1. Against the longest principal axis of the chain, how steep is helix 281-292, in degrees 0 to 90 to the nearest 10, with axes from Cα atoms?
2. How many nm separate the modelled label positions at residue 49 and residue 170, each set 7 Å beyond the Cα in the direction of the Cβ?
3. For a paramagnetic label modelled at 7 Å from the Cα of residue 231 toward its Cβ, which residues of segment 163-204 fall within the zone defined by backbone nitrogen distances under 16 Å?
4. How far apart, in nm, are the 7 Å Cα→Cβ label points at residue 272 and residue 179?
5. Out of all Cα-Cα pairs in the chain, roughly what percent, to the nearest whole number, are more than 31 Å apart?
6. Taking only Cα atoms, what is the 0 to 90° angle, nearest 10, from helix 192-206's long axis to the longest principal axis of the chain?
7. Calculate, in nm to one decimal, what residue 209 and residue 243 gain on full extension: separation in residues at 0.36 nm each, minus their alpha carbon distance.
8. Could you give P(r) for segment 248-358, binned at 10 Å from zero, as whole percent values over all Cα-Cα pairs?
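Only the coordinates and a few stated rules stand behind these numbers; no lab work does. Being a predicted model, the structure only gives us computed values, none of them experimental. In this analysis, Cβ positions are derived from the backbone assuming ideal geometry, glycine residues included, and neighbour counts consider all displayed protein chains.
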C-alpha cells in the first residue's frame, strides 16, 4: 500500500464495519504522511493557513491542529467527538521511510449509563508509545469525546534532544529507541501532564491564522516528554524492550476491548478472552503484559477501581450500587479492594470530594 494508491485503499476500507466498529485508516510513516493521508479522506476539510484538519460527518466530529516545531519534532493535537464505534488503524506506505516514534497523551470523557440515573461523565487517561513500522489499532466507543496529543519524534531529533540528556535510566531509553518495533500503553502515570496538556491546548486555541507560537509550544511539549520518561519506569517494559509483530498488537487491542466492554461483570477469564481473540491463552497473557504492563486480570481490576473512583467523586450513586456495577459481589470486598488501591475507603473518598467541591 502506498500514498499513490491511497484513494483506492480508503475506498475499500474507510468506515468498513468489522466486529461492530467502523475502520478509520491513516498512514503513520511520518507526521507529513499522516497529514497527507488524512487530507485525502473524503470526510475531512483541510485549512492550510490554520494548519488544521476538520472532520464533521456521521461518524465523528473534530479538529487536528498540527505544528512542526522544528525539524523532526511535531505536535498533532486532536479534539474529537466520536458519534459511532470507530477503530483507528495506523498503516504504512511501503515506499516511504518509517522513521518516526509517536508518544501520545490522551484524556477522554465518556458517558457511563447507569440504571435509574442520568448518564455520568467519566474520564479515561493514558499514554501510548509506538515505534516506526508498528501497526496500531485503537478502539473508540460511541459517545466518547476528548483530546489527544501526538508527539512525533524522528530518531535524529531524539538523539539530539532526548538521548543526549542526562537522566536516570538513560542507557535503557537509548536501547528502547533503537529497537525497530513496539507498542506500549500506560494508564494515568504522570499527574503533572494534565496541567501541561491544558497549557498546550490554550496556546493552540489562541493562535492566529498563520501566526504560531512554536517557542512556547515546544517548551510545553518538552515538559510532556519529560513527564512521561520521569514516570514510565514503574514497570520493566522499557527495560525489557520486547517487540511483538503487528498481528500480536492487534490481538492485544481486541482483548483490551473485550475487557473494557465487560467491566461491569466479574473478570471473564483468560481462556474465554483468548478464545474470542482466537489465540492461545499463554501467548495472549504474555503479549498483553508486554503492551500494558499488567496481567489481564490485574488490568481488569485496575480499570474497575479507576471506574469506581470516578463514579464516587462524580455522582451521588450509592456506594453499594457502585460496588455491584464494578463487578463486586459484596460491599465489604469492594471497600477492601478500594482501600488497598487508593489508601482510603469509598466513603472517605466521597466525603473528601464533597468537601473539596464545597470549598
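1. Result, in degrees: 70.
2. 4.6
3. 185-200
4. Inter-label distance under the simple model: 3.2 nm.
5. 37
6. 50
7. So the extension gain works out to 8.1 nm.
8. The distribution over segment 248-358 is 14, 41, 26, 15, 3, 0, given as percents.
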